[in-house]
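None of the figures in this text is laboratory data; all of them are computed from the coordinates on show. Just so it is clear, the model here is predicted, and its values are computed rather than measured. Virtual Cβ from ideal backbone geometry, glycine too; neighbours counted across all protein chains shown.
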Amino acid sequence: MEKTNTDEVICSVTVIHEDVLENVRSGLTDEKPLRRMAEMFKVMNDPTRLKIINALLLAEMCVCDIAALMNMTQPTISHHLKVLRQSELIKYRREGKVVYYSLDDEHIGVLFQNALDHATEAK
């Protein structure tokens, strides 16, 4: 392999490694879960939604509390909560007239923490 001016590493010859290709083909994830993952990452591609996920990782909260925390209007937060709910990243429960939001399951917290760890690691 050689390095080009743009620090891009490229092969200097074309060789197809059939054994590697066969191994990888047999281990590739099916299309349906990959599409679902892509949708999930699209939803998470918003700093406000990530802040909401971060907050819900720390505590179950109602829309009023989230709006106050984010210094945003309730309708704006409600819109983000709806998108997160539709993507099954968060869930809600009703207690009287108050609706409380939390992460849908522990995988969301793990995903958030792994992405945060990767984003903040020193290179």
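Would you mind stating whether THR29 is hydroxyl-bearing (Ser, Thr, Tyr), under 26 Å from GLN113 (Cβ atoms) and either loosely packed, with under 12 Cβ neighbours inside 10 Å or without any contact (Cβ under 8 Å) to a residue 24 or more places away in the chain (or both)? Judged against the criteria, THR29 is a match. Is at least one residue of region 100-121 more than 16 Å from PHE41 (Cβ to Cβ), touching a Ser or Thr at 6+ places or on another chain (Cβ under 9 Å), without any contact (Cβ under 8 Å) to a residue 12 or more places away in the chain and surrounded by fewer than 16 Cβ atoms within 10 Å (Cβ to Cβ)? No, region 100-121 has no match at all.
Total residues in region 70-90 satisfying the condition of being surrounded by fewer than 16 Cβ atoms within 10 Å (Cβ to Cβ) and in contact with a strand residue (DSSP E or B) (Cβ under 8 Å, 6 or more places away or on another chain): the figure is 1.
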